[in-house]
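Single-structure report; data block below.
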Amino acid sequence: DIRTLVDYDNYVTVSTANARFCFLFKECASLTTAPELPATTLAPYCYSQMFQECTGLTAAPKLPATTMAEGCYQWMFWFCHGLTTAPELPATTLAKECYNGMFRNCDGLTTAPELPVTTLAEGCYAEMFYESDGLTTAPILPATTLVKRCYSYMFNDCKKLDNITMLATDISAPNCLNVWVDGVASTGTFTKAAAMTSLTTGVSGIPEGWTVKNYGE
């Protein structure tokens, strides 16, 4: 039972396991049930690509961690085609690249987890739902100031996605919205902050053909 996961290069043994568990079940197509992951404090790249290509996995384990580290969940469920439900993500402080590609190519996923954090980190949500074809509604994105690459490719090729609420008013950071909505549904509703006037139409802004409305109106 691991309560704190520490850096692989300076690990401390806790019970019979330690470190990051990168690639632990990678390409294990027969895995249908994930183990418990009770750690609340993570190390850099902890759980990275842990269940990549576990196509038989239908439910994600609970992820109670509240202290994040760089890259800690990146590509965790990449190509988990059978995954239908995402776990809650309770962390309120993010780290660089922490959720990068977490649910990439999870085409059975229809509902995204809530993403209530308002202070972002570089690349934190980049590619998070890339090619998750079953997703129809995005989680509300409440952050008002975006940072470098934070939403880059986030919903790229989510072909059924037709509803996004993004409340940023400062999108000046480099590549913060880079190609984030390329390949979404041809029609939909985009809800923005009333003060946002600089968003352009296209794959790096508001999807072309979508109705635009102000939040709260």
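At a glance:
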read-out: Distant-in-sequence amide H partners of Leu109 (H built 1.01 Å from N, under 5 Å); value: Gly134
read-out: Value in Å of the Kirkwood radius, where segment 93-187 supplies the Cα pairs that are averaged; value: 12.8
read-out: Net lengthening on full extension, Glu217/Thr136 (0.36 nm per residue, minus Cα-Cα); value: 27.0 nm
read-out: DSSP-defined beta bridges in the chain - what % are antiparallel, rounded to 5; value: 5
read-out: The chain - percent relative contact order, Cα under 8 Å, separation 6 or more; value: 12
read-out: Cα centroid separation - segment 163-217 against segment 58-78, whole Å; value: 27
read-out: Accessible surface, the chain, averaged per residue in Å² (probe 1.4 Å); value: 44
read-out: Protection-proxy order for peptides 141-147, 195-201, 36-42, each taking the mean of Cβ atoms within 10 Å per residue, highest first; value: 141-147, 36-42, 195-201
read-out: Segment 159-217 - Rg (one decimal) and Dmax (whole number), Cα, Å; value: 10.9, 30
read-out: 5 angstrom amide H check on Thr201, placed H, neighbours 5+ away; value: Ile206
read-out: Inter-label distance for Thr33 and Asn163, nm, one decimal - labels placed 7 Å from Cα along Cα-to-Cβ; value: 3.4
read-out: Residue of Glu122, Glu131, Glu88 that the Gaussian network model of the chain assigns the largest fluctuation, springs spanning Cα pairs under 10 Å; value: Glu88
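The values are calculated or read from the model by the stated rules, or taken from the named source; none is laboratory data. None of the values given here were measured: they were computed from a predicted structure. Cβ sites come from the backbone with ideal geometry, for glycine too, and all protein chains shown count toward neighbours. When the accessible area is computed, the model is the full protein with side chains, heavy atoms only, and any ligands, DNA or RNA have been set aside. Shrake-Rupley method; radii C 1.70, N 1.55, O 1.52, S 1.80 Å.
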